[in-house]
Amino acid sequence: MDYSISKELELLRKTVREFCENEVVPVVEDMDREGKFPEENIKKMAKLGLMGLPISKEYGGAGAGMLGYCIAVEEIGKVCNSHGTILGAHTSLCCMPIEMFGTEEQKQKYLVPLARGEKLGAFALTEPNAGSDAAAIETTAVREGDYYILNGTKIWITNADRADVIIVLTVTDKALGARGGITTLIVEKGTPGLSVGTLEDKMGIRGSSTAELIFENCRVPKENVLGDVGAGFIVFMKGLDCGRLSLAAGCVGGAQACLDASIKFAMNRIQFGKPIWEKQAIQWMIADMATEVYAARNMVYHAIWLKETGKRFTKESAMCKLFASEILCKAIDTALQIHGGMGYMKKFPIERMYRDARITRIYEGTNEIQKLVIANMISREMRRA
Amino acid sequence: MRFIVCIKQVPDTTSVKIDKRTGRLIREGIPTIINPEDKNALEAALSLKEKYEGEIIVISMGPPQADEALREALAMGADRAILLTDRAFAGADTMATAYSLGSAVKKIGEYDLILCGRQAIDGDTAQVGPQLAEFLKVPQITYVSELNIEENKVVAIQELEDKRVRWEASLPALLTITSEANKPRYPSAYGIMDAYREKEVETWEKKHLDIDEERIGLEGSPTSVKRIFSPEPKGKGEIIKEEPKESAEILFNRLRAKNII
């Protein structure tokens, strides 16, 4: 077993870390307070090739693989989950499905500019009556000549108002449902009949934009079907496999940041004449946190290895998302407890990170849904055995 | 145009500790970086290349691990990287280093500009650049914070403690660059992948160079270290917290008592 990380990916990690310290940290407080999309930083990230890390060079990406991508997300997760969320929705849920399922024409037209960061991507699944129950979506796509006519509303879509390219899950045959009735389409910004609705005001990840997308007789060329007609469920499941993995990598970064901040604070905070680090109560908290970060990181890296070596990783990716988001939320709660009153104040990053962390147990499938996925995969394995 | 940039791999001194017994830096487990002002020199070359086109060659003398520093320079956009590495180069002081680098520059052949960082954060001598210029017998401008190329000459602003001086030099020339000159770019992910997967670091040993063996390594180094010690840290400063007017008066009297003003 070789756990070493190549020198190029170590240099990538160092570069992303420096970028985060110098470019992200200075803007996050304002970004969070005003709910401002970090437009300048996303442009800078594009210039650095961070918007297409796992995509092959052939299609405008950096060719850094899933590991390179997740290492970058882990570093970004240490400082800002808004930046991580924008990047994750763009890369895992838009670029990667196009690379996996797109035709050569779709890749040249959409993936190349997306991977270069010239365009921003989004993925639209959730609706007012469908989220966890993805098969219950009601947005329809009806074939009319060379077009599909889309009608319906998507809600809580990350990057929705900023995206140039959106992958949309639609119903093409209600009777068939998840087994052949759902189709994914690539929809371009500016397509007649597509409009952006309410922009949400959120508890956390306030730098990422979350909005409603409304389709009213929106005409999408039939060439924009991603994957096969009726095979939309596979496209989005495969996309989510990747999304959950990168999301988990971001959680590992966030939990590591909680650990680092807690250690530093505990060593410097003097109470009863000594650093609070010397109290066993604090030591136990930190020991638990360190152990959980170690476990989560190893899970994530192992699942990445499964993916990169072409093995199945759906179950493991769901496990990583479940575990890493749970331990992140626990770590930020512990970090807040260790920091005491100081952690509760808005002028320190713990308060923002606490709000930013909470969504990780909800989006890209709630943790309860992850457990269903895991159990489902286990029962399939049992049947196969 | 052809630019040569000299870089040094140094320990990241922000995380360095000193061995109390020997007074030397503890290098084990300390991350290494490209000397910060050498990155400014590379950035200066990259900006000039964007304007005038040409080729950037980075060169470093050091142990085989300095490959990492050169790869990072390639990732930032350098075209070619050369590592001078040989046990015979070890223990070199600034003069032997400059001589060795000079021999490598001669092997490279024609060039227009050599750019070095002002000084390294480990040795802090600021001597290698100037000595290299002397070996090569080319004009030098040190402590450069601004530079440009105009009609086959380099125009640079030298940043001195009390003044800024504008100098012009014919090409080829050597400049040492300060941290004020620019903000070095980040290597891009594309650059990083190419640096390791597509590009090469050429390794030059003693035998590849036309070199006088008595002038390299420890033997070729006239500098001898008499003693290494860590200076006692300065005591805490005193803060005078009176009203501004009173504070100023107290400060004035203290400074006068010490004959400072």
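The values are calculated or read from the model by the stated rules, or taken from the named source; none is laboratory data. What you are looking at is a predicted structure, and each value in this text was computed from that prediction instead of being measured. In this analysis, Cβ positions are derived from the backbone assuming ideal geometry, glycine residues included, and neighbour counts consider all displayed protein chains.
I need the full set of residues from segment A:261-282 which are buried (at least 16 other Cβ atoms within 10 Å of the Cβ) and either touching a Phe, Trp or Tyr at 6+ places or on another chain (Cβ under 6 Å) or of a type in the set (Gly, Ala, Ser) (or both), in order please. The answer is A:Ala261, A:Ser262, A:Ala266.
If you go through segment A:109-130 and pick out every residue that is over 14 Å from A:Val168 (Cβ atoms) and touching a residue at least 40 places away in the same chain (Cβ under 8 Å), you end up with 10.
Checked against (1) of a type outside the set (S, T, N, Q); (2) over 22 Å from A:Ile55 (Cβ atoms); (3) surrounded by fewer than 18 Cβ atoms within 10 Å (Cβ to Cβ), A:Val171 meets all criteria but (3).
Taking the listed residues B:Lys183, B:Lys199, the one that is at pLDDT 95 or above, closer than 30 Å to B:Arg87 by Cα and among the basic types (Lys, Arg) is B:Lys199, with no other qualifying.
Determine if segment A:196-208 includes at least one residue that is surrounded by 19 or more Cβ atoms within 10 Å (Cβ to Cβ), part of a strand (DSSP E or B) and not assigned by TED's automatic domain parsing to the domain that holds A:Ala46.
Step one: list which residues in segment A:196-208 are surrounded by 19 or more Cβ atoms within 10 Å (Cβ to Cβ), which gives A:204-208.
Narrowing further to those that are part of a strand (DSSP E or B): none.
So far as segment A:196-208 goes, no, none of its residues is surrounded by 19 or more Cβ atoms within 10 Å (Cβ to Cβ), part of a strand (DSSP E or B) and not assigned by TED's automatic domain parsing to the domain that holds A:Ala46.
Annotation note: Cβ proximity below 7 Å between a residue of segment B:46-65 that is farther than 11 Å from B:Ala78 by Cβ and a residue that is among the aromatic types (Phe, Trp, Tyr) and surrounded by 15 or more Cβ atoms within 10 Å (Cβ to Cβ) (sequence gap 6+ or interchain) occurs for B:Leu48/B:Phe3; B:Gly54/B:Phe3; B:Met61/B:Phe89.
State all residues of segment A:1-48 that are within 11 Å of chain B (Cβ to nearest Cβ) and among the hydroxyl-bearing types (Ser, Thr, Tyr); if no residue qualifies, say none. Residues satisfying the conditions are A:Ser6, A:Thr15. Candidates are the residues of segment B:173-200 that are part of a loop (DSSP other than H, G, I, E, B), surrounded by fewer than 19 Cβ atoms within 10 Å (Cβ to Cβ) and touching a residue at least 24 places away in the same chain (Cβ under 8 Å); the one that is farthest from the other protein chains (Cβ to nearest Cβ) is B:Glu200. For segment B:1-25, the set of residues classified as in contact (Cβ under 8 Å) with a residue 40 or more places away in the chain and part of a strand (DSSP E or B) consists of B:Arg2, B:Phe3, B:Ile4, B:Val5, B:Cys6, B:Gln9, B:Val10, B:Pro11, B:Ile18, B:Leu25, listed by residue number.
Scanning segment A:49-67 for residues that are at the interface with chain B (Cβ under 10 Å from one of its Cβ atoms), at negative phi and surrounded by fewer than 24 Cβ atoms within 10 Å (Cβ to Cβ) returns a single hit, A:Lys57. Taking the numbered list (1) buried (at least 24 other Cβ atoms within 10 Å of the Cβ); (2) within 14 Å of chain A (Cβ to nearest Cβ); (3) among the aliphatic types (A, V, I, L, M) in turn, B:Ile33 passes all entries but (1).
Can you confirm whether segment A:332-352 contains a residue that is farther than 30 Å from A:Val25 by Cα and surrounded by fewer than 17 Cβ atoms within 10 Å (Cβ to Cβ)? No, the conditions are met nowhere in segment A:332-352.
Going by the structure shown, is A:Glu10 farther than 24 Å from A:Ile167 by Cβ and of a type in the set (Asp, Glu)? For A:Glu10, the condition - farther than 24 Å from A:Ile167 by Cβ and of a type in the set (Asp, Glu) - is met.
Is one or more of the residues making up segment B:201-216 more than 14 Å from chain A (Cβ to nearest Cβ), β-branched (Val, Ile, Thr) and either over 29 Å from B:Glu50 (Cα atoms) or touching a helix residue (DSSP H, G or I) at 6+ places or on another chain (Cβ under 6 Å) (or both)? The answer is yes; a qualifying residue exists. Considering (1) more than 26 Å from B:Gly123 (Cβ to Cβ); (2) of a type outside the set (Gly, Ala, Ser); (3) part of a loop (DSSP other than H, G, I, E, B), say which one B:Glu168 fails and leave the rest. (3) is the only condition that B:Glu168 fails. In a residue-by-residue description of segment B:54-67, the property of being over 25 Å from B:Ile216 (Cα atoms), assigned to a loop (DSSP other than H, G, I, E, B) and within 14 Å of another protein chain (Cβ to nearest Cβ) applies to no position.
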